[in-house]
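J.: Below is a structure I'd like to ask you about.
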Amino acid sequence: MSLKKILAGGAMAALLCSMAACGADGGSTGASSGGTSGKELKLSINQTEQHPNYIALAHLADRMRERTDGRINIKVYPNAVLGAQTESMQSLEQGVIDLASLSAPQLVNLNTDFQVLDLPLVFDSVEHQMNCLNDPDLVGDLYMSLADSHNMVITGAYTQGARSVYNSKQPIVTPDDMKGLKIRVQETDTQVKMIEAMGATASPLSFGEVYGALQTGVIDGAENNQVSYITMKHYEVAKYYSYTNHLIGADLTIVNADVYNSWSDEDKEVWQEEFAASVDEFNELWDATVADAEEQTKAAGSQYNEVDADAFRAVLQPVTEAALTTETQKALYQAFRERAE
Ligand code: GCU
């Protein structure tokens, strides 16, 4: 079923309820939330409590508890205490945890169509990306594609902003400067291919392992946004941050499908409304957090530099073209590009 239909289902449930005069609480006690009603639902995220993703999700959880009279009772567990993203994805499928915030590349390992969300040169700006990734008309089918096969429903996206390369050795200006550097990437093939095309050697590692690997010299650098650069303290061990801006990434908020299906149509609708509000809160926090991160890491000695954007574009464009192999991938890419200004 498409996300559009689910949303329509939620609206329809509310309409039927008002026609049947369901009472002061909107009939929500009558519309059963199944076995999960009131139970603590565990949400796994690998960010610290200072990260906008954690803050927006924690506030979303508070509003859900309030608006559903405690039927949807989510607790957000930060710092990967419930597992790194690959483990959280398995726990989510098995129902060991109930929700997770996962970087889009993780899902590529379940359905390669997700890689369109995480390729270079797909989105021109965060605004363009958000216009696409929270629109059920464009991504509704993709977000429901794991419901039967992996027991997960993707309910929306926050931006990771533009990701850039940072390292402990030298400023990067052209792909030639990447030669000989070992750069950590997220754990999928496309990310490996992307960093290799940019000139470096790729080392897939989980997010939590990056600091130690930089500190011990197992890797020379990583690629991420300025917010993770500061919250994970990577700036302490990799002082050269070069604006390769090679892609705009996304974090997806995912619900275990059994849990999602146990929610009444009304509660699903409340979730979608509140998730949309949380995207607005996240976006407001994001720009200020990026600016703060730059200021503080500069004060601590980090050096930021511009790169030869054309030279990077020339090596990145073929990566994106080669990754678009299926009809669905091509159609999604096309639909996203049509939304560019
Ligand atoms: C960002 C992103 C995380 C992801 C991390 C990574 O911080 O928000 O979801 O895990 O990058 O590079 O692994």
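The values are calculated or read from the model by the stated rules, or taken from the named source; none is laboratory data. A quick note: this is a predicted structure, and the numbers were derived from the prediction, not measured. FYI the Cβ positions are ideal-geometry reconstructions off the backbone, even for glycines, and counts take in every protein chain you see. SASA here: full protein model, heavy atoms, side chains in, ligands and nucleic acids out. Shrake-Rupley method; radii C 1.70, N 1.55, O 1.52, S 1.80 Å.
J.: Can you give the charge dipole size of the chain about its Cα centre, rounded to the nearest 20 debye, using +1 on the beta carbon of Lys and Arg and -1 on the beta carbon of Asp and Glu?
T.: 620
J.: State the answer as a single residue: which of T201, I183, N167 lies farthest towards the positive end of the charge dipole of the stretch 138-219, with beta carbon charges of +1 for Lys and Arg and -1 for Asp and Glu, about the Cα centre.
T.: Selected residue: N167.
J.: Go from 0 up to the bin containing the longest alpha carbon distance in the stretch 121-236, width 5 Å each, and give me the % of pairs per bin.
T.: Cα pair-distance distribution for the stretch 121-236, in percent: 2, 11, 17, 18, 18, 14, 10, 7, 3, 0.
J.: State the percent of C-alpha pairs, over all pairs in the chain, separated by a distance greater than 30 angstrom. List each step's numbers first, then the result.
T.: Working: 20749 of 57970 pairs.
That fraction is 36 percent.
J.: Nearest 20 debye, what's the magnitude of the dipole of the stretch 162-209 about its Cα centre given +1 on Lys and Arg Cβ and -1 on Asp and Glu Cβ? Before the final figure, lay out the partial values.
T.: Numbers: 6 positive and 6 negative charges, 23 e Å.
Roughly 100 debye, rounded to the nearest 20.
J.: Treat every Asp and Glu Cβ in the stretch 185-319 as -1 and every Lys and Arg Cβ as +1, leave all other atoms uncharged, and give the resulting dipole magnitude about the Cα centre to the nearest 20 debye.
T.: I would put it at about 860 debye.
J.: Could you do me a favour and compute the accessible area per residue for the stretch 176-308, 1.4 Å probe, result in Å²?
T.: Normalised by residue count, the accessible surface of the stretch 176-308 is 38 Å².
J.: Need one number for the stretch 232-274: average projected area of the convex hull over its C-alpha atoms, nm².
T.: 5.6
J.: Which residues' amide hydrogens lie under 5 Å from the amide hydrogen of A250, considering only partners 5 or more residues apart or on another chain, with H built in the peptide plane?
T.: Residues meeting the criterion, in which the H sits 1.01 Å from N, are A104, Q160.
J.: Shifting gears a bit: If you bin every alpha carbon distance in the stretch 45-107 into 5 Å steps from zero, what whole percent lands in each bin?
T.: Over the stretch 45-107, the share of Cα pairs per 5 Å bin runs 4, 19, 25, 24, 19, 9, 1, 0 percent.
J.: Within the accessible area of the chain, what % is carbon and sulfur when the probe is 1.4 Å and the other protein chains stay in place?
T.: Carbon-and-sulfur percentage of accessible area, whole number: 50.
J.: Going by Cα centres, the stretch 134-158 and the stretch 255-330 are how many Å apart?
T.: The distance from the Cα centre of the stretch 134-158 to that of the stretch 255-330 comes to 15 Å.
J.: Name the residue farthest towards the positive end of the dipole of the chain from the options T48, I219, N305, assuming +1 on Cβ of Lys and Arg, -1 on Cβ of Asp and Glu, about the Cα centre.
T.: I219
J.: Leaving out same-chain residues fewer than 8 places away, which lysines sit with a Cα under 30 Å from that of K298?
T.: Within the straight-line cut-off, K298 pairs with K169, K179, K182, K233, K239.
J.: Take every DSSP beta bridge whose two residues both sit in the chain, then give the antiparallel share in percent to the nearest 5.
T.: 60
J.: List the lysines whose Cα lies under 23 Å from the Cα of K330, skipping any in the same chain that are fewer than 8 positions away.
T.: By straight Cα distance, K330 reaches K4, K193.
J.: If you don't mind, another one. Rule-of-thumb check for the stretch 96-178: C-alpha Rg over 2.2 N^0.38 Å?
T.: The reported ratio for this selection is 1.33.
J.: To continue, here is another question. For K39, go through the lysines and keep the ones whose alpha-carbon is under 21 Å away, minus same-chain ones fewer than eight residues off.
T.: Cα-Cα hits under 21 Å: K75, K268.
J.: What shape does the stretch 217-341 have by the C-alpha gyration tensor, where a ≥ b ≥ c are the square roots of the eigenvalues, rounded means a/c under 1.5, and otherwise prolate means a/b greater than b/c and oblate the rest?
T.: Details: a/c = 2.22, a/b = 1.34, b/c = 1.66.
The shape class here is oblate.
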